[in-house]
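**Q** What follows is a single structure, and I will ask about it in a moment.
The values are calculated or read from the model by the stated rules, or taken from the named source; none is laboratory data. In this text, all values refer to a predicted model and were calculated from it rather than measured experimentally. Using ideal geometry, Cβ is built from the backbone for each residue, glycine included, and neighbour counts are taken over all protein chains shown.
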Amino acid sequence: MSVFAYRGERLFVEDVALVDIVSAVGSPCYIYSRRALTEAYQAFREALGAQRGLICYAVKANGNLALLAILADLGAGFDIVSQGELERVLAAGGDPKRVVFSGVGKTEGEMRRALEVGIRCFNVESMAELARLDAIACALHVRAPVSLRVNPDVDAKTHPYIATGLKENKFGIPLGEAVACYREQACYAHLSFVGMDCHIGSQLTDLGPFADALDRILPEFAGLRRAGVALTHVDVGGGLGVRYRDEQPPTVAAYVALLKDRLAAHGLSDQELVLEPGRALVASAGVLATRVEYIKETEARRFAIVDAGMNDLIRPALYGAWQGVTAACRRLGPVREYDIVGPVCESADVFGRGRRLAIEPGDILAIGEAGAYGFAMSSQYNARPRAAEVLVDGTEFHVVRRRETYEDLMRGECVVRAGGRS
């Protein structure tokens, strides 16, 4: 049962009415459920069963410290793509030995910091990166643990902006080149090759692309092991989709069953399985609450103008993404079609078109499945302070990021007068 559900005419988050949260905190605000996040993580843990595995949450989906701390307490690892994400994990109590560092553009400083704190593994994405990491590890007198991210040239059948496994994408190393590198690893005196990584994209709703990718990389992985290359884990990345509208993504159980089946088919069941879910853990654990400021009717459309904008939630504008819009209090009035739009000076500032709702100015709306890539991708465009974030825990709720102030918008800036006077 969803933690977001009506009780009578009011929408509740766990045991707290959403309108009560907005009354106390203001709008717009992101609202997350501890229970939903915990249950999503436990679904992966239970699906793994006896299979040795590590669930590394993809921090880019939502890096709020409160959510990271919940996952750290549950035993999660973390998939990071920047030093900033590493610092967030450490601040939240995450174990660096359960951190994998992905991303195509790691800087020297990021590599040094990750080596200093002792992360579990670097997912290396190019030969140039491999050479840089080897040199930095040499300078620090350590060995850097490495997993090559291979590009299997598989069509993930997802939005082109979030497809990462085709040969024309910037991600990963061609499979043949990676295999040759594993066989020549003695050339890198300060690297330890410990695994193989593959991530083909995000919001995948079909198991087929996962199977295709594994069927390409696992025979090579098995061949390397037979040749004496001591790899110890297979990192299958993330990408499992969620339901925003009418998608029918595989269950976590079905997804993990496929992974374990493919490992068994290639005699690799003894390998540790590393997973990097992001959206699948947090998307459904959060909503964006926003207030209807105006109802505007023209000859062509009827608009509900809300106080959240595309700077708060950019997915609909950036990807054409569909996200549900629900009234926090159900009315008995007439149901009409509305375009739900924000105040930002862009025609792309639309959260949904033709949504059937019974609403009036002042009503609160909840935009669903906003826990992933919501606040994480928000900005201060149009000089709009970023929203507050709230965590609900049973009958209580806590502000886990205060709303930005107008002073925050200008923090760090200065005015330079003529003649260089500041």
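**Q** How do the pairs read when you match residues in region 390-409 that are under 14 Å from residue 286 (Cβ atoms) and touching a residue at least 60 places away in the same chain (Cβ under 8 Å) with residues anywhere that are in a loop (DSSP other than H, G, I, E, B) and polar (S, T, N, Q), using Cβ under 9 Å and keeping only pairs 6 or more apart or on different chains?
**A** 391/64; 400/64; 401/64
**Q** Moving on. How many of the residues making up region 92-107 are surrounded by fewer than 22 Cβ atoms within 10 Å (Cβ to Cβ), at pLDDT 95 or above and either part of a loop (DSSP other than H, G, I, E, B) or in contact with a helix residue (DSSP H, G or I) (Cβ under 6 Å, 6 or more places away or on another chain) (or both)?
**A** Looking only at that region, the number is 5.
**Q** Among the residues of region 260-274, is any touching a Cys at 6+ places or on another chain (Cβ under 8 Å) and under 30 Å from residue 123 (Cβ atoms)?
**A** Yes, that holds for at least one residue.
**Q** Which numbered condition trips up residue 359, out of (1) in contact (Cβ under 8 Å) with a residue 60 or more places away in the chain; (2) closer than 16 Å to residue 286 by Cα; (3) out of contact with any Asp or Glu (no Cβ under 9 Å at 6 or more places or on another chain)?
**A** Just one mismatch for residue 359, condition (2).
**Q** If you don't mind, there's one more thing I want to ask. List the strands (runs of 3 or more DSSP E) inside region 300-376, counting only whole elements, that have at least 3 residues being in the same structural domain as residue 11 (by TED's automatic domain parsing) and of a type in the set (A, V, I, L, M, F, W, C).
**A** Per the criteria, 302-306, 350-357, 364-367.
**Q** Starting from region 302-314, keep only residues that are buried (at least 21 other Cβ atoms within 10 Å of the Cβ), then list their pairs with residues that are among the basic types (Lys, Arg) whose Cβ atoms are within a distance under 6 Å, requiring at least 6 positions of separation or different chains.
**A** Matching pairs, first to second residue: 311/384.
**Q** Kindly state which strands (runs of 3 or more DSSP E) lie completely within region 1-74 and contain at least 1 residues that are out of contact with any Lys or Arg (no Cβ under 6 Å at 6 or more places or on another chain), buried (at least 18 other Cβ atoms within 10 Å of the Cβ) and free of Cβ contacts under 8 Å to residues at least 60 places away in the same chain.
**A** Values: elements: 4-7, 10-13, 29-33, 53-58.
Ranges flagged: 10-13.
**Q** Taking into account only those residues within region 112-156 that are touching an Asp or Glu at 6+ places or on another chain (Cβ under 9 Å) and of a type in the set (S, T, N, Q), which is nearest to residue 82 (Cα to Cα)?
**A** 123
**Q** For the structure I just gave you, tell me whether residue 282 is among the β-branched types (Val, Ile, Thr), in a strand (DSSP E or B) and touching a strand residue (DSSP E or B) at 6+ places or on another chain (Cβ under 8 Å).
**A** Judged against the criteria, residue 282 is not a match.
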